[in-house]
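Asks: Below are the C-alpha coordinates for one structure; questions will follow.
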Amino acid sequence: MTIRNSIGLILLALSQLCWAQHDHDHEQLNKAQHENHHGKHSLSLFYGFTHVPSAFYEHETHEESTGKWVPTVGVDYGYLFNKKWGLLVMADVELDEYYIKTSDHEELERNNVVILAATGRYMLTKRLGLFAGPGYEWEFKNHHSESFFVFKAGIAYDVEIENGWEMAPVFSYDFKEQYSSYAFGLTVGKRF
(Lines give C-alpha, C1' and ligand atoms only; values in the text may rest on other atoms or scores of the structure.)
Protein backbone atom coordinates (compact mmCIF):
# COMPACT_ATOMS: atom_id res chain seq x y z
CA MET A 1 0.00 0.00 0.00
CA THR A 2 1.40 3.33 -1.01
CA ILE A 3 1.41 6.52 0.97
CA ARG A 4 -1.07 8.03 -1.48
CA ASN A 5 -3.53 5.15 -0.90
CA SER A 6 -3.09 5.40 2.88
CA ILE A 7 -3.80 9.14 2.83
CA GLY A 8 -6.83 8.54 0.61
CA LEU A 9 -8.23 5.94 3.03
CA ILE A 10 -7.66 8.25 6.01
CA LEU A 11 -9.39 11.16 4.22
CA LEU A 12 -12.31 8.90 3.26
CA ALA A 13 -12.70 7.69 6.86
CA LEU A 14 -12.55 11.28 8.22
CA SER A 15 -15.14 12.48 5.70
CA GLN A 16 -17.47 9.64 6.72
CA LEU A 17 -17.06 10.54 10.41
CA CYS A 18 -17.75 14.24 9.70
CA TRP A 19 -20.81 13.37 7.58
CA ALA A 20 -22.17 11.08 10.33
CA GLN A 21 -21.67 13.82 12.95
CA HIS A 22 -23.43 16.34 10.66
CA ASP A 23 -26.40 13.96 10.25
CA HIS A 24 -26.58 13.39 14.04
CA ASP A 25 -26.45 17.16 14.76
CA HIS A 26 -29.13 17.86 12.12
CA GLU A 27 -31.36 15.12 13.58
CA GLN A 28 -31.00 16.54 17.13
CA LEU A 29 -31.81 20.06 15.87
CA ASN A 30 -34.95 18.83 14.06
CA LYS A 31 -36.06 16.96 17.19
CA ALA A 32 -35.58 20.05 19.41
CA GLN A 33 -37.42 22.27 16.91
CA HIS A 34 -40.32 19.79 16.76
CA GLU A 35 -40.60 19.67 20.57
CA ASN A 36 -40.58 23.49 20.87
CA HIS A 37 -42.58 24.04 17.67
CA HIS A 38 -45.75 24.97 19.53
CA GLY A 39 -44.15 27.41 21.95
CA LYS A 40 -43.69 27.84 25.67
CA HIS A 41 -47.16 29.25 26.45
CA SER A 42 -50.40 27.31 26.88
CA LEU A 43 -54.02 28.23 27.53
CA SER A 44 -56.48 25.56 28.72
CA LEU A 45 -60.11 25.23 29.77
CA PHE A 46 -60.93 23.00 32.76
CA TYR A 47 -64.13 21.14 33.53
CA GLY A 48 -64.59 18.81 36.47
CA PHE A 49 -66.06 18.30 39.91
CA THR A 50 -64.82 19.44 43.30
CA HIS A 51 -65.62 17.39 46.40
CA VAL A 52 -66.00 19.34 49.65
CA PRO A 53 -66.04 16.68 52.41
CA SER A 54 -67.07 19.10 55.20
CA ALA A 55 -69.98 20.63 53.28
CA PHE A 56 -73.59 19.91 54.01
CA TYR A 57 -76.36 20.24 51.48
CA GLU A 58 -78.97 22.38 53.14
CA HIS A 59 -78.89 24.82 55.97
CA GLU A 60 -81.75 23.04 57.75
CA THR A 61 -80.44 19.46 57.60
CA HIS A 62 -76.94 20.01 59.03
CA GLU A 63 -75.74 16.76 57.42
CA GLU A 64 -72.01 17.37 57.56
CA SER A 65 -70.82 13.82 56.92
CA THR A 66 -72.18 13.59 53.39
CA GLY A 67 -69.94 16.12 51.66
CA LYS A 68 -70.87 17.64 48.34
CA TRP A 69 -69.75 17.30 44.72
CA VAL A 70 -69.71 20.72 43.04
CA PRO A 71 -69.39 21.31 39.26
CA THR A 72 -66.24 23.34 38.56
CA VAL A 73 -64.99 25.24 35.50
CA GLY A 74 -61.72 27.05 35.04
CA VAL A 75 -59.04 28.58 32.87
CA ASP A 76 -55.33 27.72 33.16
CA TYR A 77 -52.35 29.61 31.74
CA GLY A 78 -49.00 27.83 31.56
CA TYR A 79 -45.46 28.90 30.74
CA LEU A 80 -42.53 26.49 30.31
CA PHE A 81 -39.12 27.67 31.48
CA ASN A 82 -37.51 24.48 30.17
CA LYS A 83 -38.43 20.79 29.67
CA LYS A 84 -38.84 20.15 33.42
CA TRP A 85 -40.00 23.39 35.06
CA GLY A 86 -42.88 25.74 34.40
CA LEU A 87 -45.42 28.14 35.85
CA LEU A 88 -49.16 27.37 35.92
CA VAL A 89 -51.74 30.01 36.87
CA MET A 90 -55.12 28.41 37.61
CA ALA A 91 -58.50 30.14 38.00
CA ASP A 92 -61.43 27.88 39.01
CA VAL A 93 -65.08 28.64 39.82
CA GLU A 94 -67.24 26.21 41.84
CA LEU A 95 -70.77 26.56 40.44
CA ASP A 96 -72.93 25.80 43.49
CA GLU A 97 -73.86 26.81 47.01
CA TYR A 98 -73.04 24.90 50.19
CA TYR A 99 -72.46 25.41 53.90
CA ILE A 100 -69.47 24.49 56.03
CA LYS A 101 -68.70 24.73 59.72
CA THR A 102 -65.73 26.90 60.58
CA SER A 103 -63.18 26.10 63.26
CA ASP A 104 -65.25 28.40 65.55
CA HIS A 105 -68.29 26.09 64.96
CA GLU A 106 -70.09 28.79 62.99
CA GLU A 107 -71.91 28.04 59.75
CA LEU A 108 -70.42 29.64 56.68
CA GLU A 109 -72.24 29.84 53.38
CA ARG A 110 -70.08 29.41 50.26
CA ASN A 111 -71.65 30.46 46.97
CA ASN A 112 -69.87 30.31 43.59
CA VAL A 113 -66.39 30.09 45.07
CA VAL A 114 -63.49 31.41 42.95
CA ILE A 115 -59.96 30.10 43.51
CA LEU A 116 -56.94 31.74 41.89
CA ALA A 117 -53.57 30.02 42.34
CA ALA A 118 -50.05 30.52 40.97
CA THR A 119 -48.28 27.17 41.00
CA GLY A 120 -44.90 25.85 39.99
CA ARG A 121 -44.97 22.80 37.73
CA TYR A 122 -42.40 20.01 37.57
CA MET A 123 -42.52 17.33 34.87
CA LEU A 124 -41.66 13.90 36.28
CA THR A 125 -41.76 12.42 32.77
CA LYS A 126 -42.53 13.88 29.34
CA ARG A 127 -46.27 13.66 30.10
CA LEU A 128 -46.69 13.38 33.90
CA GLY A 129 -46.41 16.62 35.86
CA LEU A 130 -46.82 17.77 39.47
CA PHE A 131 -47.92 21.27 40.43
CA ALA A 132 -48.10 23.14 43.75
CA GLY A 133 -48.38 26.72 44.94
CA PRO A 134 -50.26 29.39 46.87
CA GLY A 135 -53.64 30.82 46.04
CA TYR A 136 -56.63 32.73 47.29
CA GLU A 137 -60.34 31.88 47.55
CA TRP A 138 -63.29 34.28 47.54
CA GLU A 139 -66.94 34.24 46.50
CA PHE A 140 -67.96 35.59 43.10
CA LYS A 141 -71.40 36.88 44.08
CA ASN A 142 -71.00 37.91 47.70
CA HIS A 143 -68.27 40.55 48.15
CA HIS A 144 -68.76 40.72 51.94
CA SER A 145 -67.98 37.05 52.59
CA GLU A 146 -64.88 35.51 54.11
CA SER A 147 -61.90 34.82 51.89
CA PHE A 148 -59.26 32.20 52.53
CA PHE A 149 -55.63 31.48 51.74
CA VAL A 150 -55.29 28.27 49.68
CA PHE A 151 -52.38 25.97 48.96
CA LYS A 152 -53.11 24.00 45.76
CA ALA A 153 -51.27 20.80 44.84
CA GLY A 154 -51.97 18.24 42.16
CA ILE A 155 -50.98 16.01 39.29
CA ALA A 156 -51.76 16.09 35.55
CA TYR A 157 -51.07 13.74 32.65
CA ASP A 158 -50.60 15.63 29.34
CA VAL A 159 -51.76 13.98 26.13
CA GLU A 160 -50.74 15.71 22.90
CA ILE A 161 -53.49 15.68 20.28
CA GLU A 162 -51.93 17.53 17.31
CA ASN A 163 -50.97 21.01 16.08
CA GLY A 164 -50.27 22.19 19.63
CA TRP A 165 -53.61 20.99 21.04
CA GLU A 166 -53.45 18.87 24.17
CA MET A 167 -55.64 17.52 26.93
CA ALA A 168 -54.90 16.33 30.44
CA PRO A 169 -56.78 14.52 33.19
CA VAL A 170 -56.12 16.45 36.42
CA PHE A 171 -56.39 15.74 40.14
CA SER A 172 -55.87 18.60 42.60
CA TYR A 173 -56.17 19.12 46.34
CA ASP A 174 -56.84 22.52 47.95
CA PHE A 175 -55.62 23.00 51.52
CA LYS A 176 -57.66 25.92 52.90
CA GLU A 177 -57.70 27.79 56.20
CA GLN A 178 -61.17 26.61 57.26
CA TYR A 179 -61.75 23.48 55.14
CA SER A 180 -60.22 21.49 52.28
CA SER A 181 -61.45 20.07 48.99
CA TYR A 182 -60.24 17.99 46.07
CA ALA A 183 -61.11 18.04 42.38
CA PHE A 184 -61.08 15.71 39.39
CA GLY A 185 -61.38 17.03 35.87
CA LEU A 186 -60.10 17.40 32.33
CA THR A 187 -58.30 20.29 30.66
CA VAL A 188 -58.29 20.91 26.92
CA GLY A 189 -55.91 23.55 25.64
CA LYS A 190 -53.53 24.90 23.03
CA ARG A 191 -49.81 25.51 23.22
CA PHE A 192 -48.52 28.61 21.40
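Asks: If you build the Cα gyration tensor of segment 76-147 and take the root of 5 times each eigenvalue, what three semi-axes come out, in whole angstrom, biggest first?
Replies: Numbers: eigenvalues 206, 31, 19 Å².
Semi-axes (√(5λ), whole Å): 32, 12, 10.
Asks: With labels modelled as points extended 7 Å from the Cα through the Cβ direction, what inter-label distance (nm, one decimal) is found for Leu128 paired with Ser180?
Replies: About 2.2 nm separates the two model spin labels.
Asks: Then there is this: Express the Stokes-Einstein translational diffusion coefficient of segment 109-181 in µm² s⁻¹, to the nearest whole number, given a Kirkwood radius over alpha-carbon pairs, 4 °C and a viscosity of 1.567 mPa s.
Replies: In µm²/s, the coefficient rounds to 94.
Asks: Let me ask another. Taking a point 7 angstrom from the Cα of Trp85 along the C-beta vector, which residues in segment 119-138 have backbone N less than 12 Å away?
Replies: 120-123
Asks: Rank-order 147-153, 93-99 by packing density, defined as the average count of other C-beta atoms within 10 Å over each peptide's residues, highest first.
Replies: 93-99, 147-153
Asks: Let me ask you something else. How do 107-114, 121-128, 155-162, 49-56 rank on mean C-beta neighbours within 10 Å, highest first?
Replies: Values: 107-114: 17.1, 121-128: 13.0, 155-162: 14.8, 49-56: 19.1.
Going by the mean number of other Cβ atoms within 10 Å, highest first, we get 49-56, 107-114, 155-162, 121-128.
Asks: For segment 108-192, with every protein chain kept in place, what is the accessible area per residue (1.4 Å probe, Å²)?
Replies: Per-residue value: 52 Å².
The values are calculated or read from the model by the stated rules, or taken from the named source; none is laboratory data. In this text, all values refer to a predicted model and were calculated from it rather than measured experimentally. Methodologically, a virtual Cβ is constructed for each residue, glycine included, from the backbone with ideal geometry; neighbour enumeration extends over all protein chains shown. Keep in mind that these areas ignore ligands, DNA and RNA; they rest on the heavy atoms of the full protein, side chains included. Shrake-Rupley method; radii C 1.70, N 1.55, O 1.52, S 1.80 Å.
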